[in-house]
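As structure tokens, the structure follows; a few thoughts come after it.
The values are calculated or read from the model by the stated rules, or taken from the named source; none is laboratory data. Predicted, not measured: the structure shown is a model, and the values here were computed from it. Here the Cβ is made from the backbone with ideal geometry for all residues, glycine too, and neighbour counts use every protein chain on show. Surface areas here come from the heavy atoms of the whole protein model, side chains and all, with no ligands, DNA or RNA. Shrake-Rupley method; radii C 1.70, N 1.55, O 1.52, S 1.80 Å.
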Amino acid sequence: MLLTNLNAATMRDHYGLIEDAAILIEDGRIAWVGPRAEAPSGMHGINCQGRLVTPGLIDCHTHLVYGGNRAHEFEMRLGGIAYADIAKSGGGIASTVRATRTQSEGELVASALKRLDALLAEGITTVEIKSGYGLDERTELKMLRVVRELDKLRPVDVAATYLGAHAIPPEFHNDREGYVKLICEQVIPAVVKFRLADAVDAFCEKIAFTVEETARVFEAARAHGLRIKLHAEQLSNLGGAKMAASFNALSVDHIEYLDDSGVEAIAKSGTVAVLLPGAFYYLREKQAPPVAALRHHGVPMAIATDLNPGSSPIHSILTTMNMACVLFGLRPDEALRGVTVNGARALGLNDRGMIVPGMKADLAIWDAERPGDLCYPIGYNPLTAVIKNGKTVRGTLS
Ligand code: DI6
Ligand code: FE
């Protein structure tokens, strides 16, 4: 397949923009990209009418499999009750855990598909989904089977992450130690045995797990060959990111309260900073992540929706990119890198996120003149087509 008459945001460097470009796809991979005038001749090309082509977008942090609904907590927070206080009084993550435990795999697949489809409608071709609303072994494995099922049901690659250390489940309220042991000695081995996850994540926070508890979970993850990610420094600075860096974590996520020494630590370990402006927006946080320091130290920044029923019920990667620009001060090229090349890196995937020879032919085609157009409006979706593994899976290319 040869695509012609397009502007290609290759993401090699900044946007890596090639105007009036052509892209050759062979066997599901990018075979060639460059100026149209230099394209291989003698092939019938598909005229993209001057549209913008980017890599398929990557949402590297979501919790989109869950049961129940937390709209009432949204109302409570607007009435002045803090997210952490709702969590302490048995709401928050615990309320989603109760609902998720009672639902069948089929019910969870059905509700998750609606959310996933909203993401796919904006050009997502790779998405990460976490467990963490079951906490007990049975429900965590159930959630992860649902995640694996979603991968089969839609033209999207789904990365699965085991987030057992999301909250202390009610049955372990007086035995934190026992729960950490269950994660390390029982659930992680089961997850690995059934190949249900690619990585392990944890919530390191005063209302969740201490740095020491999280480190024990990571020891078990590392021993079982799973990659490591962390919800760190979202509501306070506990030093979780630094500890995650010592495990060469793929990413540390949220990081509003990350300090300079934390930034230096993740710069050294090559860990990606995943910024989640949706949660910042919904929780009306005041402290933005240390973007200037991250830039200064050359830390790759990814952006993700954090789609979840509590702190970030946002189903739009384009809106999230806009928020990263408006709320965190990212440049639009940084925002686009955050959902392409750096999103891939946050998942440890080096075969996607750029339009360069050898990478997967996952492409989004936009009715847009320039890449900055993707971050600029809110509530306007210029997606016209999606190519996944070299095949058109959305829209039509004539
Ligand atoms: N941080 C988050 O933003 C989500 N999980 C986490 O550890 C929120 C989860 C929820 O409120 O349901
Ligand atoms: Fe999250």
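Key figures for this structure:
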{"item": "Ala324 being surrounded by fewer than 22 Cβ atoms within 10 Å (Cβ to Cβ), in contact with an Asp or Glu (Cβ under 8 Å, 6 or more places away or on another chain) and part of a helix (DSSP H, G or I)", "result": "no"}
{"item": "Matching option when the condition is in contact with a Lys or Arg (Cβ under 6 Å, 6 or more places away or on another chain) and touching a residue at least 40 places away in the same chain (Cβ under 8 Å), among His63, His14, His44", "result": "His63"}
{"item": "Residue count, region 9-57 (criterion: acidic (Asp, Glu), open to solvent by 90 Å² or more (accessible area, probe 1.4 Å) and not in a loop (DSSP other than H, G, I, E, B))", "result": "3"}
{"item": "Scan of region 180-225 for residues that are assigned to a helix (DSSP H, G or I), over 13 Å from Glu137 (Cα atoms) and within 16 Å of ligand 1 (Cβ to nearest atom), ordered by number", "result": "Val211, Glu213, Thr214, Val217, Phe218"}
{"item": "Identity of the residue in region 267-292, more than 15 Å from ligand 2 (Cβ to nearest atom) and open to solvent by less than 20 Å² (accessible area, probe 1.4 Å), that ends up farthest from Ser111 (Cα to Cα)", "result": "Val291"}
{"item": "Total residues in region 340-362, condition open to solvent by less than 40 Å² (accessible area, probe 1.4 Å) and in a helix (DSSP H, G or I)", "result": "5"}
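Residues checked against (1) in the same structural domain as Pro155 (by TED's automatic domain parsing); (2) within 10 Å of ligand 1 (Cβ to nearest atom); (3) of a type in the set (Phe, Trp, Tyr):
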site	(1), (2), (3)
Glu75	yes, no, no
Leu78	yes, no, no
Tyr83	yes, yes, yes
Lys88	yes, no, no
Gly91	yes, yes, no
Ala110	yes, no, no
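Let's see how each residue does on (1) open to solvent by less than 20 Å² (accessible area, probe 1.4 Å); (2) within 11 Å of ligand 1 (Cβ to nearest atom); (3) in contact (Cβ under 8 Å) with a residue 12 or more places away in the chain:
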position	(1), (2), (3)
Ala245	yes, no, yes
Leu258	yes, no, yes
Gly310	yes, yes, yes
Pro313	no, yes, yes
